[in-house]
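Written out below as structure tokens is the structure these notes cover.
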Amino acid sequence: MEEFPTTEERIVEPRLQQDEEQIDYTLRPQRLCDFVGQMHIKEPLSISIEAAKQRKEPIEHVLMYGNPGLGKTTLATIISKEMGANIRVTAGPALHRVGDLAAILSNLSHGDVLFIDEIHRMNTAIEEILYTAMEDFAIDIIVGKGPAARTLRMPVEKFTLIGATTKLNLLSSPLRDRFGHVYHLNFYDTPDIQSILERNSALLEIDLHQQAASLISERARRTPRVANRLLRRIRDYAQVKGNGIIDVSAATQALTMLRVDQYGLDTVDRRILQVILGTFKGGPVGLSTLAAAIAEEVETLEHIYEPFLLQLGMIERTPRGRKITDFGAHHISV
Ligand code: ADP
């Protein structure tokens, strides 16, 4: 039986994988002008940054949402750099107690950026501390217990909160409403992914032919992190099996070995399509039935595999379940 990669092993997985932090950091553009694409964000953002700098004020709180690997952390770092500010990075799940956040907030200096990744994963008590911090630049701390308990208001320096989330719908509306800017990061166009590949191959001193960059960009699931990972794996292949140069032939051979097809689908994606088409006669099939049939968890199917297949128009959601489209059926049949 064919073995399928786990989500951690997937070459086309958009989330950060183990040991990738350093390379992700190295490839991160430092300035807004180096950040490729997302013009609908870059233009208003650059004006807001300029205006805030002229007024010598921190920029208003920013919320960014979109799939993993599209550049939310990168943009947060760029905003802090452009503002000439320090950035403090944390994540929703890392904040266990109210005191964790209170300590971070009270240590911020004027104008600092606080970046909270996965901001939808904070508990309510912590979220409430954030409300007053964002709005009034103060935190309310309860001291004492029982009838003797009282609230102490402590001021914090004026800062900018940048929140990132992949699930905007899980954010409470009081929290969402406190952000001055809300930006949605879109999937990238293929030429944008190609520019990212060309920029990064220069940074990593990889000899990447233009046509090969174009070929890889079509298979990178419109996601910079996937593009960067493919580039590194193809470089390894070209180095060991060829002369180190990534031309169309080396790229094609490497992608075949990695089992990434011309739309960027891997074995698991193709299996999903095959199961809907074969076992369920094209659908509709309910999410949990489909998950059981491919031996995956519903959550993983819904949030990791399905979005890209929907994006490509290979499957569709109907009130009675998932259906394969003509395009999906054609792709899997050839
Ligand atoms: P997210 O926080 O949305 O998961 P990151 O900001 O960590 O994504 O980006 C993942 C990788 O993709 C980083 O290494 C970064 O260099 C690269 N990247 C993301 N967006 C862009 C972009 N617009 N231009 C160039 N590189 C990008």
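Of all residues in segment 123-147 being in a strand (DSSP E or B) and at pLDDT below 95, which is nearest to the chain's Cα centre (by Cα)?
139
Suppose we filter 248, 275 for residues that are closer than 30 Å to residue 21 by Cα and touching a helix residue (DSSP H, G or I) at 6+ places or on another chain (Cβ under 6 Å); which single one remains?
When all the criteria are applied, what remains is 248.
From the list 95, 105, 63, which residue is buried (at least 18 other Cβ atoms within 10 Å of the Cβ), within 16 Å of the ligand (Cβ to nearest atom) and outside the structural domain of residue 295 (by the TED database)?
Just a single option satisfies the conditions, and that option is 63.
Checking residue 120 against (1) part of a helix (DSSP H, G or I); (2) surrounded by 15 or more Cβ atoms within 10 Å (Cβ to Cβ); (3) away from the ligand (no atom under 16 Å from the Cβ), only one condition comes out false. Which one?
(3)
Mind checking which pairs have a first residue in segment 146-168 that is more than 11 Å from residue 63 (Cβ to Cβ) and a second that is within 16 Å of the ligand (Cβ to nearest atom) and in a strand (DSSP E or B), Cβ under 6 Å, 6 or more apart or different chains?
Every condition considered, the pairs that remain are 159/114; 160/113.
Only residues that are of a type in the set (Gly, Ala, Ser) and assigned to a helix (DSSP H, G or I): list them for segment 96-117, please.
Of everything in segment 96-117, those that are of a type in the set (Gly, Ala, Ser) and assigned to a helix (DSSP H, G or I) turn out to be 99, 102, 103, 106.
Return only the number of the condition from (1) under 22 Å from residue 120 (Cβ atoms); (2) under 21 Å from the mean Cα position of the chain (by Cα) that residue 35 does not satisfy.
(1)
So that you can scan it fast, the table gives a plain yes or no per residue for (1) on the phi > 0 side of the Ramachandran plot; (2) under 17 Å from the mean Cα position of the chain (by Cα):
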{"position": "181", "(1), (2)": "no, no"}
{"position": "194", "(1), (2)": "no, no"}
{"position": "205", "(1), (2)": "yes, no"}
{"position": "211", "(1), (2)": "no, no"}
{"position": "222", "(1), (2)": "yes, yes"}
{"position": "226", "(1), (2)": "no, yes"}
{"position": "230", "(1), (2)": "no, yes"}
{"position": "242", "(1), (2)": "no, no"}
{"position": "245", "(1), (2)": "no, no"}
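Please work out which one of (1) over 24 Å from the mean Cα position of the chain (by Cα); (2) modelled with pLDDT of 95 or more; (3) farther than 27 Å from residue 29 by Cα is the condition residue 270 fails and give its number.
Status for residue 270: all satisfied but (1).
What number of residues within segment 61-90 are in a helix (DSSP H, G or I) and under 15 Å from the mean Cα position of the chain (by Cα)?
Within segment 61-90, residues that are in a helix (DSSP H, G or I) and under 15 Å from the mean Cα position of the chain (by Cα) number 6.
Being in contact (Cβ under 8 Å) with a residue 12 or more places away in the chain and either farther than 30 Å from residue 210 by Cα or touching an Asp or Glu at 6+ places or on another chain (Cβ under 7 Å) (or both) narrows it down to one of 275, 298, 268, so name that one. Show your work before the answer.
On the way: 298 fails: in contact (Cβ under 8 Å) with a residue 12 or more places away in the chain; 268 fails: either farther than 30 Å from residue 210 by Cα or touching an Asp or Glu at 6+ places or on another chain (Cβ under 7 Å) (or both).
When all the criteria are applied, what remains is 275.
In the set 153, 221, 225, 199, which member is in contact with a strand residue (DSSP E or B) (Cβ under 9 Å, 6 or more places away or on another chain) and charged (D, E, K, R)?
153
Specify which of the listed residues (5, 58, 93) is under 29 Å from residue 124 (Cα atoms) and part of a loop (DSSP other than H, G, I, E, B). Spell out how you get there, then give the answer.
Numbers: 5 fails: under 29 Å from residue 124 (Cα atoms); 93 fails: part of a loop (DSSP other than H, G, I, E, B).
None of the others qualify; the one that does is 58.
What's the total number of residues in segment 248-263 that are in contact with an Asp or Glu (Cβ under 7 Å, 6 or more places away or on another chain) and closer than 27 Å to residue 286 by Cα?
Residues that pass the stated criteria total 1.
If you take the residues of segment 192-234 that are touching a Pro at 6+ places or on another chain (Cβ under 9 Å) and more than 10 Å from the ligand (Cβ to nearest atom), which of them is nearest to residue 245 (Cα to Cα)?
214
For the structure I just gave you, tell me whether residue 189 is within 14 Å of the ligand (Cβ to nearest atom) and either exposed (fewer than 12 other Cβ atoms within 10 Å of the Cβ) or under 23 Å from the mean Cα position of the chain (by Cα) (or both).
Spelling it out, residue 189 is indeed within 14 Å of the ligand (Cβ to nearest atom) and either exposed (fewer than 12 other Cβ atoms within 10 Å of the Cβ) or under 23 Å from the mean Cα position of the chain (by Cα) (or both).
Between 115, 35, 4, which is aromatic (Phe, Trp, Tyr), over 29 Å from residue 299 (Cα atoms) and surrounded by 14 or more Cβ atoms within 10 Å (Cβ to Cβ)?
Residue meeting the stated conditions: 35.
If you take the residues of segment 36-55 that are in a loop (DSSP other than H, G, I, E, B) and touching a helix residue (DSSP H, G or I) at 6+ places or on another chain (Cβ under 6 Å), which of them is farthest from residue 232 (Cα to Cα)?
Filtering segment 36-55 for residues that are in a loop (DSSP other than H, G, I, E, B) and touching a helix residue (DSSP H, G or I) at 6+ places or on another chain (Cβ under 6 Å), the one farthest from residue 232 (Cα to Cα) comes out as 37.
Considering (1) in contact with a Leu (Cβ under 8 Å, 6 or more places away or on another chain); (2) part of a loop (DSSP other than H, G, I, E, B); (3) among the basic types (Lys, Arg), say which one residue 10 fails and leave the rest.
So residue 10 meets the others, but not (1).
The values are calculated or read from the model by the stated rules, or taken from the named source; none is laboratory data. No experiment lies behind these values; they were computed from the predicted model shown. We place every Cβ from the backbone using ideal geometry, glycine too, and count neighbours over all the protein chains shown.
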